[in-house]
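Report on one structure; see the data block that follows.
The values are calculated or read from the model by the stated rules, or taken from the named source; none is laboratory data. All values reported here derive from a predicted model rather than from experimental measurement. Here Cβ is always computed from backbone atoms with ideal geometry, including for glycine, and neighbour counts include all displayed protein chains. Heavy atoms of the whole protein, side chains included, go into the accessibility calculation; ligands, DNA and RNA do not. Shrake-Rupley method; radii C 1.70, N 1.55, O 1.52, S 1.80 Å.
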Amino acid sequence: MRLARFGIIAAALGALWAAPAAAQQTEPAPFVAQNWSFSGAFGTFDRAAAQRGYQVYKEVCAACHAMKEGYYRDLAGIGLSEAQIAATAASVTVTAIGDDGQPTERPALPSDHFRSPFPNELAARAAMNGAYPPDLSVMEKARAGGPDYLFALLTGYGDPPAGMKLADGMNYNKYFPGNQITMPQVLHDGQVTYADGTPASVEQMSRDVTTFLAYIANPELEARKRMGVKVVLFLVFLTGLTYAMKRKVWADVEH
């Protein structure tokens, strides 16, 4: 009986301690589904948007985030010519092994991976106060909601609601789980100058860089969709041919 009473008292005290903590927790706001050009069975990437998105990544995101699974040659899929890709790659240097077997640096080639901002995770954490900026190569696949979530996250910064206290070094984002995120707002109106004259609002830059990250995570997307359409058409044709053969074979058989 004493043990039962003790268990009840302990459970009640635990509930009292847990209640304030639970009250401090906030749920992320539901993000709105966006209309993406690459959605659906026949969707394709908006080349202009993807090129603008690469500019945002190069000028803003690449200062902290790596994209180790991507190659400079992948930029051909968003409409860049071989000369443009070669020039883009050559504008950065990468570590290589020289003829003497010693580490050296050389201009990047189209066959190289995108250059990482830090040589390793420890260097990244040391530069970012212990935080480790995630690799963006497959970020569009890695997060529930895909491009909708990435777009919401980039546009979800603001002032915290009244009564909410942020932890040291944290920033409020209504779409991030827990609403507190280490990464500050990195996109601001007019931060980049687009070559095509598109106004660089936060929403526009967020949409463009999300399109680019969706492409980097799925460079084979359009080819896969084309193949899928061909397979479906072939199966429809094969079904019709099979039915016609069946009718022909059994035409003289009385039923």
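Give the residue, chosen from L109, L153, that is aliphatic (A, V, I, L, M) and part of a helix (DSSP H, G or I).
Result: L153 is the single residue among L109, L153 that is aliphatic (A, V, I, L, M) and part of a helix (DSSP H, G or I).
Quick grid of which residues meet (1) over 15 Å from T211 (Cα atoms); (2) open to solvent by 60 Å² or more (accessible area, probe 1.4 Å); (3) more than 14 Å from the chain's Cα centre (by Cα); (4) among the acidic types (D, E):
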position	(1), (2), (3), (4)
G43	no, no, yes, no
Q51	no, yes, yes, no
E59	yes, yes, yes, yes
A63	yes, yes, yes, no
G77	no, no, yes, no
Failed item in (1) open to solvent by less than 100 Å² (accessible area, probe 1.4 Å); (2) within 30 Å of I78 (Cβ to Cβ); (3) in a helix (DSSP H, G or I), with P219 passing the rest:
(3)
For E203, only one of the following conditions fails: (1) touching a residue at least 24 places away in the same chain (Cβ under 8 Å); (2) more than 18 Å from A48 (Cα to Cα); (3) open to solvent by 60 Å² or more (accessible area, probe 1.4 Å). What is its number?
(2)
Could you say which residue among V253, V192, V209 is farther than 24 Å from A33 by Cβ and touching a helix residue (DSSP H, G or I) at 6+ places or on another chain (Cβ under 6 Å)?
V192
Members of the stretch 222-247 that are touching a residue at least 24 places away in the same chain (Cβ under 8 Å) and either among the β-branched types (V, I, T) or open to solvent by 70 Å² or more (accessible area, probe 1.4 Å) (or both):
V229
Is it the case that T198 is among the hydroxyl-bearing types (S, T, Y) and surrounded by 15 or more Cβ atoms within 10 Å (Cβ to Cβ)?
yes
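Those residues that are part of a loop (DSSP other than H, G, I, E, B) and among the aliphatic types (A, V, I, L, M), I need them from the stretch 222-255; list them, please.
Scanning the stretch 222-255 gives A251, V253.
Each row is one residue, and each column tells you yes or no for (1) open to solvent by 50 Å² or more (accessible area, probe 1.4 Å); (2) under 15 Å from the mean Cα position of the chain (by Cα); (3) free of Cβ contacts under 8 Å to residues at least 24 places away in the same chain; (4) within 27 Å of R207 (Cα to Cα).
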| position | (1), (2), (3), (4) |
| --- | --- |
| A123 | no, no, yes, no |
| A131 | no, no, no, yes |
| S137 | no, yes, no, yes |
| P147 | no, yes, no, yes |
| G158 | no, no, yes, yes |
| M164 | no, no, no, no |
| M170 | yes, no, yes, yes |
| Q185 | yes, no, no, yes |
| D189 | yes, no, yes, yes |
Out of all the residues in the stretch 183-190, is one or more of a type in the set (A, V, I, L, M) and touching an Asp or Glu at 6+ places or on another chain (Cβ under 6 Å)?
no
The residue from A22, A15, A29 that alone is more than 23 Å from I78 (Cβ to Cβ), outside any helix (DSSP H, G or I) and modelled with pLDDT under 95 is A29
What number of residues within the stretch 211-255 are in contact with an Asp or Glu (Cβ under 9 Å, 6 or more places away or on another chain) and β-branched (V, I, T)?
2
